[in-house]
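Working notes, beginning with the structure itself.
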Amino acid sequence: LISIRIIGGLNKEKYYNDHYYERNTFGIYELSRILEVIEGLENGINPKWDQLERAKYIFSKLAHYIDYDHDKENRKGKNCSSLRALIDQKAICAGYALIFKELMDRQGIQCDYVRGICNNFKHAWNIITIDGIEYAIDVTNESGLIHEKKEHKDNYQFFGFSSIFSTHYKPDADERIKEYTPFMNQGK
């Protein structure tokens, strides 16, 4: 049996333990399926788009493609919090944030995976940096809006400081907290 471990953006010391090792180790068949889905999601990217346009596109595609996994029993298998969620099309916040991080890395867009608290629950989201501007992003929230309302809004939950940290707070001590530029004000 050959297996491959993908860090997937979890490049901080706190992620070097058995829990994260298991979550990010894949067999060859799994990995080929994951890559097939990733390439399918990236298929619609116009090579002329700038980083902001590519980030919006991937954000929207991912929010539409994966549904939030409300089945707590399934969560024990860790599929919903790893790149495996691309195969199952069900994730929790850790899965959304990890996958978004992987897709941003593939596009050459600086992206961090952030853990903290949102509405009194453990939560994960992302911070991307484009042209020196940092945006906090929560694909989980956008996916919930899309799947619950069954409509496409393109809300782009790329938050500024005041909006994201009114609900997203207490990031782990090694996470960055600063003023983020509201994504919706970028005019694209």
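The values are calculated or read from the model by the stated rules, or taken from the named source; none is laboratory data. The shown structure was predicted, so the numbers you read here are calculated from the model rather than taken from an experiment. These area figures cover heavy atoms from the full protein model, side chains too; ligands, DNA and RNA do not enter into them. Shrake-Rupley method; radii C 1.70, N 1.55, O 1.52, S 1.80 Å.
Counted residue by residue at 0.36 nm each, then reduced by the alpha carbon distance between them, the extension gain from Gln89 to Trp49 reaches 11.8 nm.
Accessible surface of Thr129, taken over heavy atoms with a 1.4 Å probe and every protein chain present, rounds to 40 Å². Using the Karplus relation 6.51 cos²θ - 1.76 cosθ + 1.60 with θ = phi - 60°, the per-residue 3J(HN,Hα) values for segment 102-113 come to 4, 5, 5, 4, 5, 8, x, 9, 4, 8, 10, 8 Hz, with x marking Gly and Pro. Distances between placed amide hydrogens fall under 5 Å for Asp69 paired with Ala91, Ile92, all partners being 5 or more residues away or on another chain. Using θ = phi - 60° in the Karplus curve 6.51 cos²θ - 1.76 cosθ + 1.60, the 3J(HN,Hα) couplings for segment 87-98 round to 7, 6, 6, 9, 8, 10, 3, 4, x, 4, 5, 5 Hz; x is entered for Gly and Pro.
Rolling a 1.4 Å probe across all protein chains gives Lys56 an accessible area of roughly 20 Å².
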